[in-house]
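Structure, as structure tokens:
Laboratory data are not the source of any read-out in this text; all were calculated from the coordinates shown. All values reported here derive from a predicted model rather than from experimental measurement. Here the Cβ is made from the backbone with ideal geometry for all residues, glycine too, and neighbour counts use every protein chain on show.
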Amino acid sequence: MSGDRAHMRAALQVAARGLGNTWPNPSVGCVLVKDGIVIGRGWTQPGGRPHAEVEALTRAEALSPGSARGATAYVTLEPCSHFGRTPPCCDALIRAGVARVVVALRDPDRRVDGRGFARLRDAGIAVEEGLMGEEAAALNAGFIRRVTQGLPLVTLKLASTLDGRIATASGESRWITGEGARRAVHALRARHDAVMVGSGTAVADDPELDCRIPGMDPVPMLRVVADARLRLPLTARLVTQARAQPTWVLTGAGHRPAVLAPYITAGVEVVTIRRASGGGLQPRAMLQALGARGVTRVMVEGGAHLAAALLKAGLVDRLVWFHAPAMLGAEGLESLGGLGIGPLSAMPRFRLLDSRRLGADIMSEYAKD
Ligand code: AOF
Ligand code: ZN
């Protein structure tokens, strides 16, 4: 119907607002339209509920009770049909008397997966599926990955000189890229559920991995440290601030309870991960542990060892690389550890999505080829 696409685009736009803070749920958008006029908009709320449809209905009803009767709902994901942490959105749409529901994408969650459509149709509602489905799939790539494969979507972020160095030989790294790049990193963090670093980076930089965007309240980030040998000092900010912003430490089995206890007392969640043959943590097992705990989108910010391990295992979906117009030469610390590549054909390849200038630096975004 005329206008359908524009309304679905608007639903996708409001859905995007929730990215990074609705996990373990997807970020869904809903726009209610009656006689060509938008009467309510809603998106999944922080923590994953209330769901988008209920938000939109609540707003429409608050402005004008009964107004949703006969309206069309544009939803980016199939309305849920299950009693989860909230009652089914299908029932709310039926109760409100919505006449038509246009959906971008089927919900792959086994509790829904077509049952939402059936429930709406059984109630006599006209249901259409697939409008802007590709866009909706891209928006919820993290949720879909978690539900279908048990893994989060992985974005690897690196910031280096033109020759790929991230610090001087003595470890000095502040700052290679400029203020614009740092702001972009915080904006990227906001769209991810978790930020992850290796223990080398956590020890060397003592980072906070927080998310501060001018004009906005700080967004609490889940911070994850891959630390097979438990090298993270108890004095690290990731440990001392674990009560204000959660920190999970992924480590290997075999640490004595007395060694683990102070981390747990500080509020850190310690997660045991299978080791790879070299003694490090198995990359896929780390991501499975995150997926099992509901994480849908993780941004990995180094260091060289963790970045290489994930690339080697083919587990990096998106790459964001900031380049400063400078070089450090062979003595500088490399951004990536060994990838163990034999023939050139084994090289991980990415597709350039976008490249832009941020002050003096360049930010390039890539997707796995
Ligand atoms: C919707 N609208 O805005 C979202 C949906 O645990 P619950 O009850 O919150 O249910 C979580 C599931 O609901 C989640 O796995 C996904 O299938 C769906 N998310 N559904 O109709 C929404 N966020
Ligand atoms: Zn729902």
Length added when fully stretched, M216-W175, from 0.36 nm per residue minus Cα-Cα: 12.4 nm
Distant alpha-carbon pairs in segment 195-314 (separation over 23 angstrom), percent: 26 percent
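Size of the dipole of the chain about the Cα centre, Lys and Arg at +1 and Asp and Glu at -1 on the beta carbon, nothing else charged, in debye to 20?
560 debye
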Phi to ³J(HN,Hα) by Karplus 6.51 cos²θ - 1.76 cosθ + 1.60 over segment 247-252, Hz, x for Gly, Pro: 10, 10, 10, 8, 9, x
Ellipsoid equivalent to segment 1-94 - semi-axes via the Cα gyration tensor, in Å: 20, 15, 11
Check: segment 95-135 dipole with +1 on Lys, Arg Cβ and -1 on Asp, Glu Cβ, in debye: 320 debye
Filtered chymotrypsin sites (Phe, Trp or Tyr not before Pro), segment 62-168: DSSP coil and at most 10 other beta carbons within 10 Å: F83
Rg to Rh quotient for segment 100-237, alpha carbon positions, Kirkwood Rh: 1.13
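At R0 = 22 Å, how high is the FRET efficiency between V259 and D206 if r is their beta carbon distance? Nearest 0.05 is fine.
0.60
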Average projection area in nm² (convex hull over Cα atoms of segment 282-361, one quarter of hull surface): 7.1 nm²
Pairs of alpha carbons in segment 113-194 whose separation is greater than 15 Å (percent): 74 percent
Under Karplus coefficients 6.51, -1.76 and 1.60, residue-wise ³J(HN,Hα) of segment 342-355 in Hz, glycine/proline x: x, x, 4, 5, 8, 5, x, 10, 10, 10, 6, 9, 6, 9
Segment 20-161 - charge dipole about Cα centre, Lys and Arg +1 at Cβ, Asp and Glu -1, debye rounded to 20: 320 debye
Farthest toward positive dipole pole in the chain [+1 Lys/Arg, -1 Asp/Glu at C-beta], among A253, P50, P207: A253
Label-reachable residues, segment 78-94, where backbone N falls under 15 Å from a point 7 Å from R49's Cα toward its Cβ: 80-92
Kirkwood hydrodynamic radius of the chain, Cα pairs, Å: 22.1 Å
FRET efficiency, 1/(1 + (r/R0)^6) with R0 35 Å, evaluated for L344 and A16 via beta carbons: 0.40
Span from the segment 328-363 Cα centroid across to the segment 231-245 one, whole angstrom: 30 Å
Inter-part distance where segment 130-209 and segment 11-64 are each reduced to a Cα centre, Å: 27 Å
